[in-house]
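The structure appears below as structure tokens.
The values are calculated or read from the model by the stated rules, or taken from the named source; none is laboratory data. Source: prediction; values computed, not measured. Please note: Cβ atoms are built from the backbone with ideal geometry, for glycine as well, and neighbour counts cover all protein chains shown.
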Amino acid sequence: MVVTKIDVSSPSQSKQVIAQLSDCLASYNKRILRLRTADDIITASAKQPNETEVPVISVSSVSGVGIELLKNLLFLLPPRLNSIESQRLEQVS
């Protein structure tokens, strides 16, 4: 998940948004994995896909905060399988 417009929100508003996200995800037995550094990105990409953790990055398109982290995460994530590839994998398992 990407939390946007952090340049126009106060730190307390950002914390409130993250808390609301956390509560919402908890109802689906999932938890937030905050990504704040390049090391966090590497750790998250190594764990993917993970059924219980949802990576969250805060960004601002105005100031550019978090944009490089988001690009790095997207670059490191494995490609998504199409339906034919998924069916093949299910047959093999």
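Helices (runs of 4 or more DSSP H) wholly in the stretch 23-93 with at least 1 residues that are in contact with a helix residue (DSSP H, G or I) (Cβ under 9 Å, 6 or more places away or on another chain) and either without any contact (Cβ under 8 Å) to a residue 40 or more places away in the chain or not acidic (Asp, Glu) (or both) - which ones?
On the way: elements: 38-47, 67-76, 83-92.
Correct list: 38-47, 67-76.
Return the only residue of Val65, Val54, Val59 being surrounded by 12 or more Cβ atoms within 10 Å (Cβ to Cβ), among the β-branched types (Val, Ile, Thr) and over 23 Å from Leu25 (Cα atoms).
Details: Val54 fails: over 23 Å from Leu25 (Cα atoms); Val59 fails: over 23 Å from Leu25 (Cα atoms).
None of the others qualify; the one that does is Val65.
Determine whether Val8 is surrounded by 12 or more Cβ atoms within 10 Å (Cβ to Cβ), modelled with pLDDT of 90 or more and not in a helix (DSSP H, G or I). Step through it out loud before you land on a result.
On the way: surrounded by 12 or more Cβ atoms within 10 Å (Cβ to Cβ): no; modelled with pLDDT of 90 or more: yes; not in a helix (DSSP H, G or I): yes.
Answer is no for this residue.
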